[in-house]
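Quick notes on the structure that follows.
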Amino acid sequence: MNEQALLGLADDELVLGWRDSEWTGIAPLLEEDVAFSSIAQNEIGHARAVYELIVGADGDADALALDREPEEYRCAPLVELHLLDWAHTIARRWLYEVADEIRITALKEDPDAATAGLAAKIDREEAYHRMHAEMWHERLREEPCFRQAVEELWPYALGVLPAELRGELVERVGLVEVEPIDRGGHTEELALLWEEMTMVRRSAPSGAQW
Amino acid sequence: MAAVEIPRDEQAFLEYVQAGGQVETTDWMPDDYRAKLIKFIEMHGNSELMGVLPEREWILRAPTLQRKLALTAKVQDEVGHAQLIYRVVEDLGKPREQCLADLVDGKAKFHNVFHYPTKTWGDVGVIAWLVDAAAIISQKALLKCSYAPYARIMKKICWEESFHILHGRDVILAMVTGTPKQFELVQEALDRWWGPLMQFHGNPIPKNEDPMYLWRIKSQGNEEARQQFLEGYVPQIRELGLEVPDPKLRRRDDGAWEYSEPNWAELKHVVTGHGPKTEERLAFRRRFLEQEQWVRDAVLAA
Amino acid sequence: MSEPVWEVFRKERRGAAFEHAGSVVAPDADFAEAWAREQYGRRGESVALWLVPREAIRDVEDWADEFDLKYRRVDGYSIKARLKEARERAGTAGTG
C-alpha cells in the first residue's frame, strides 16, 4: 500500500476514534459506555501504529497525527461526520467495520513485511470490533431509525474503499451501489473537529512537551 | 460450624458492625442502615458519572496521542466504576433508572468537585493528580465498609485508580518542566481547585457523631481524610515549585496540618445543586438519557 | 423494570480457580460477553470468564449443626494435654 493510502487508513482510525470517544460518559448504557470506549482507544492505537510505520523509528508520530492543516488529512468523509445519536453511530460503526475488514484483508498481503505484519495485528484486534458491531446490528436491524441511518451513510461508506474493493462491500452490506462520497474532499465538520483536536497542542510552540 | 447469624435487632446489629461484622445483600439490616447505605453509595455512583463530564472535553483536545489514550482510559474507568456502584445499589433495591432519574432531576447529590468548570489543560493534570488523590483516600477507607458487596467493588476501584494519579502527576510534571506559560497554567489551575479540594472530604463532624461512621459504612472521619491528603500531597506540590494558595497552611510540630477554614457555606451551596456548572451538566446528561431511551428499550426488552 | 443480571466469574491466571467478580445487566449472552470482556478484562486482569444468568444460580446458605459433630473436624481434637503426658512418660519432654 502506498504512503498516501496508509495515511488514509491512519487518518480514518484517528478521526473515527476521536468521534467514537465523544460517547465516553454518555452512551445509552453504562456497560456499553465502557466497551465502546475500548473500541475508541483501539482505533487511536491503530492510528498511532500506522503513523509510526510511516514516520519510522526516529520520527514523530504525534507531529504527523496532529500538526497538519485540515486539508492535509486523508480521512474518508464517513469518519468526519458528527453523529451524536446512537442509530447513526452504530450504523457508521457497522459499515466502517465491514469496509475496513475488506481493506485490512488486502493489506495483510502487502509486499512490505512490516505493513503486512501490522495489518495482521490490527485485524486480530478488529475481530472484537466486528463482533460488537454485528451484535448491535442484529439488535437494531428492525428499528426504522437504524435502517434509515444505514441508508444515509451508505454513500459515505462506499467512499472508504478504493473503487476496486467496493464490489465486495456492496455484496456484504446488501444495498444497491450508489454514487460514493469519495475520499479526497472533506466535510465542514472536519474543520471544527480539527479546531478542537489541536487547540491545546497549538497553544504551545511546536516541540513543547506535554 | 454454624454460619454467623446477623442479629435482627438494631442495637445488636450496631454492635455487630462495630466489632467488624460484615453484611451481605440478603442479610437482615435495620431500615436506617439500608437507607443510609443506599444514599451514600448512590452519591458515589453519581459522582463517578458526573466526574466524567468535566474531563471528557479534554479527551478531544489532548495534545498528544499518548495523553489522549491515557485520559480516555481514565475516564473509561470512572464510567466502569459507576457501573459497579449502581449494580450494588440495584441489588439493595433501588433500580438504576431511578438513580439516574433522581440525578438529572436534581434530587440526588454528587461530590462538590464535579460542579466546577475545567478551563485549561492545567485542570486536567490537577484533577487527575489531586482530585483523584483526595478521592482515593476516601476509597481506601471504604475497603473496610461493613457492607461487603460495596467493600468488594472498592478493591477493583482502588486497583484501577492507581494509574490515574500517576498519569495526573505525569501531566503536571511535563508542564512544570516545560515553558513558563505551561507552568503558569498549572499554578492557575491549582489556585482555582484548592478551595474545592479542601472542602472535598466534608466538614469535620466528629466520628462519633457521624452516622456513616457509627454504622461502619465509612471507617474514617472527614478530618482524618483531609489530614491524610495534606500530609501526602502538600510536600509533593511544593517540591515542584508550586504554591498552595493558603497563607495559613502549615504543618505543626505534632504533625497535624493547620489551614484556613474551608468555605463550608460554599460546599453546601454547591452540593445542593447550585455549583457553577451543575445545571448545564445535569441538562447535558438529561438530554442524552432521554434521547437514547429508545436504545435501552430496544436492547433490554424481552 | 428488572433486567437480566449476569454474574461474572473470573480466572485471574492459569491454575487459579474462578472467583466471583461482579455482575453486568445484559439482554443475552452475546451482550453479556461483550460487556464483561471489557469491564473485567480490559487491563489483562483475567485469562477467562464465566458468565451465568443470576437465576441459574442456586443459593445455599445454611446448615444444621445441632449435635456437635466435632469428631470429623480438626477443631474437634485437642491433643496437647495427652501429648505432654506421653512425652513425660517416655522421657522425651523438652527435646523438641
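Miscellaneous remarks
- For the range B:267-286, a residue qualifies if it is part of a helix (DSSP H, G or I) and within 21 Å of residue A:33 (Cβ to Cβ), and the qualifying residues are B:280, B:281, B:282, B:283, B:284, B:285, B:286.
- Helices (runs of 4 or more DSSP H) fully within the range A:25-112 that include at least 2 residues being in contact with a Gly (Cβ under 7 Å, 6 or more places away or on another chain): A:30-55, A:77-80.
- Checking each residue in the range B:155-184 for being polar (S, T, N, Q) and surrounded by 19 or more Cβ atoms within 10 Å (Cβ to Cβ) picks out only B:182.
- First in the range A:162-188 and free of Cβ contacts under 8 Å to residues at least 40 places away in the same chain, second anywhere and surrounded by 11 or more Cβ atoms within 10 Å (Cβ to Cβ) and basic (Lys, Arg), Cβ under 9 Å, 6 or more apart: A:177/A:166; A:180/A:166; A:184/A:74
- Residues in the range A:37-59 that are facing chain B (nearest Cβ under 9 Å) and not polar (S, T, N, Q): A:40, A:44, A:45, A:47, A:48, A:51.
- Here the range A:138-157 is the region considered, the condition is being in a helix (DSSP H, G or I) and without any contact (Cβ under 8 Å) to a residue 40 or more places away in the chain, and the residue that is surrounded by the most Cβ atoms within 10 Å (Cβ to Cβ) is A:139.
- Odd one out for residue A:22, checked against (1) over 18 Å from residue B:53 (Cβ atoms); (2) facing chain B (nearest Cβ under 8 Å); (3) surrounded by fewer than 22 Cβ atoms within 10 Å (Cβ to Cβ): (1)
- Some residue of the range B:19-30 being touching a residue at least 60 places away in the same chain (Cβ under 8 Å) and in a helix (DSSP H, G or I): no
- When A:78, A:83 are screened for being away from every other protein chain (no Cβ under 12 Å), modelled with pLDDT under 95 and crowded, with 16+ Cβ neighbours inside 10 Å, only A:83 passes.
- Any hit, the range B:35-49, residues being under 23 Å from residue B:143 (Cβ atoms), facing chain A (nearest Cβ under 9 Å) and part of a helix (DSSP H, G or I): yes
- Scanning the range B:283-298 for residues that are farther than 16 Å from residue C:26 by Cα and not hydrophobic (A, V, I, L, M, F, W, C) returns B:285, B:286, B:287, B:290, B:291, B:292.
- Segments classed as helices (runs of 4 or more DSSP H), wholly inside the range B:117-203, with at least 2 members that are hydrophobic (A, V, I, L, M, F, W, C) and either more than 19 Å from the chain's Cα centre (by Cα) or within 17 Å of residue B:243 (Cβ to Cβ) (or both): B:121-126, B:148-176, B:180-200
- Which listed residue, of C:36, C:48, C:64, is in contact with a Leu (Cβ under 9 Å, 6 or more places away or on another chain) and either facing another protein chain (nearest Cβ under 9 Å) or under 24 Å from residue A:130 (Cβ atoms) (or both): C:36
- Selection of the range B:58-98 for residues being at the interface with another protein chain (Cβ under 7 Å from one of its Cβ atoms) and among the basic types (Lys, Arg) yields B:61, B:67, B:68, B:87.
The values are calculated or read from the model by the stated rules, or taken from the named source; none is laboratory data. Keep in mind that what you see is a predicted model, and the values were worked out from it rather than measured. Neighbour counts are summed over all protein chains in view; Cβ atoms, including those assigned to glycine, are modelled from backbone coordinates with ideal geometry.
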